[in-house]
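Visitor: Just dropping this structure here.
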Amino acid sequence: MQLVVARIGRAHGIKGEVTVEVRTDEPELRLGPGAVLATEPASAGPLTIESGRVHSGRLLLRFEGVRDRTAAEALRNTLLIAEVDPEEVPDDPEEFYDHQLVDLDVVTADGTAVGRISEIAHLPYQDLLVVRRPEGGEVLIPFVSEMVPEIDLEQQRAVVTPPPGLLDDAQAEIAGSRDEDRG
């Protein structure tokens with residue numbers, strides 16, 4: 001199974017380093033020196049990580065064969081993709097890989113259907129579940145235990161307890177966009 005583990009950002013300096021937007025909970029495992037990653041677009045890779053370091057809170061990587069700023073800048077917005085065994089699971093039972101969560105049904109504690117997880121947005125301060133609603137549109141649910149108290153992989157569902165208004169706002173947004181379409 002292939003998973004997007006990072007997106008290449010701006011070139012850093014003149015020796016071929018790039019900033020990366022990390023999209024994995026295990027950067028030390030997936031983005032370490034020697035890792036060979038597929039790319040999207042495929043024409044940019046595969047890329048082998050030569051070295052990495054943290055600078056001002058951002059991960060910087062250098063790839064084999066990328067020696068100057070021009071070559072590094074040409075990689076901007078390229079997605080880095082790791083091959084992951086689908087049976088592999090995190091050591092901590094309270095942690096999940098993105099591929100385990102995508103396509104889970106999302107329901108409230110009383111069983112009301114909310115939608116289906118389409119992706120996980122990894123933001124600097126917390127992860128968000130991007131939930132596609134059955135009637136169209138999507139809602140973003142912070143992936144914290146207070147709002148997502150249960151992940152049941154056997155039942156293929158995530159139970160959510162959203163604060164008042166989170167799901168209602170999504171409904172209002174969908175209704176508003178439908179009204180605009182009619183007007």
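Throughout, read-outs are computed from the coordinates displayed, never taken from laboratory work. Values in this document were obtained by computation on a predicted structure and should not be read as measured data. As a convention, Cβ positions derive from the backbone with ideal geometry for all residues, glycine included, and neighbour counts pool all protein chains shown.
Visitor: Looking at segment 57-153, which chymotrypsin sites (Phe, Trp or Tyr not before Pro) are DSSP coil and have at most 16 other C-beta atoms within 10 Å of their C-beta?
Guide: Of the chymotrypsin sites (Phe, Trp or Tyr not before Pro), the ones in loops of segment 57-153 whose Cβ has at most 16 other Cβ atoms within 10 Å are TYR125.
Visitor: What FRET efficiency do you get for ASP168 and VAL130 if R0 is 22 Å and r is their Cβ-Cβ distance, rounded to the nearest 0.05?
Guide: Here the calculated transfer efficiency is 0.75.
Visitor: Which loop GluC sites (Glu not before Pro) in segment 91-160, with loop taken from DSSP, have no more than 16 other Cβ atoms within 10 angstrom of their Cβ?
Guide: Those that pass, being in a loop and sparsely packed, are GLU94, GLU95, GLU135, GLU146, GLU154.
Visitor: Another question, then. Quick one: Cα convex hull volume of the chain, Å³ per residue?
Guide: Once divided by residue count, the hull of the chain is 157 Å³.
Visitor: Equivalent-ellipsoid semi-axes (√(5λ), Cα gyration tensor) for segment 67-111, whole Å, largest first?
Guide: Equivalent-ellipsoid dimensions as semi-axes: 36, 16, 9 Å.
Visitor: Between ALA71 and SER145, what is the spin-label point distance in nm, taking each point 7 Å from the Cα along the Cα→C-beta axis?
Guide: A separation of 4.7 nm, rounded to one decimal place.
Visitor: Taking the Cα centre of the chain as the origin, how large is its charge dipole in debye, to the nearest 20, when only Lys and Arg (+1) and Asp and Glu (-1) carry charge on their Cβ atoms?
Guide: Once rounded to the nearest 20, the dipole reads 1220 debye.
Visitor: Please work out the ratio of the alpha-carbon Rg of segment 2-83 to 2.2 N^0.38 Å and round it to two decimals.
Guide: So the Cα radius of gyration is 0.94 times the expected 2.2 N^0.38 Å.
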